[in-house]
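Report on the structure given below.
Every read-out reported here was derived from the displayed coordinates using simple, explicitly stated rules and does not represent laboratory data. A quick note: this is a predicted structure, and the numbers were derived from the prediction, not measured. Positions of Cβ are backbone-derived with ideal geometry, glycine not excepted, and every protein chain shown enters the neighbour counts.
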Amino acid sequence: MQPGIQAYAKTQSLSLSQRELEARALLKAASKLQALKENWDPSVSALDDPLSHNRKVWTIFLAAATEPDCPMPEDMRKNIVGLARFVINHCMRILFEPDVTKLDVLIEINQHVAAGLRGNAGSVDASAPPSGASTVAA
């Protein structure tokens, strides 16, 4: 990326709310999973990047929800922990037993949680940035 574009992207990300940054991270992961689904290749080399990226995003959420000073209500923390564990385990299942249909649940979870973070939980059209767009790197 060119230095000017990098500076703009950094400034843009600094002005976004934490919820928007989290939503973008989820949508970037969903976009990578969708691209994998559309260009299905069950090889480990093709699966690794999108599944690893998704696991990293959810590992960050899991870590945040289990911090002793996490400001979220206890029931919400438990829900995030449970969902994060499911997503991480599901990613591993796909890696070990590749099946394109297993990607749908991960894509939907990411899109729905992103929509909720953006305040439009009833809508799955969370306006995901186009593939390759500058978004939060998780």
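Things to note:
- Estimated FRET transfer efficiency when R0 is 25 angstrom, pair Asn120-Arg77 (beta carbons, to 0.05): 0.65
- Across segment 42-56, rounded Karplus estimates of 3J(HN,Hα) from the backbone phi angles (6.51 cos²θ - 1.76 cosθ + 1.60, θ = phi - 60°) give x, 6, 4, 5, 7, 7, 4, 4, x, 6, 5, 4, 5, 4, 4 Hz, Gly and Pro being marked x.
- Whole-Hz couplings from phi, Karplus 6.51/-1.76/1.60, listed for segment 93-109; x for Gly and Pro: 4, 5, 5, 8, 9, x, 7, 4, 5, 6, 6, 4, 5, 5, 4, 5, 4
- Ordering of 108-120, 67-79, 19-31 by burial proxy (mean other Cβ atoms within 10 Å per residue, highest first): 19-31, 108-120, 67-79
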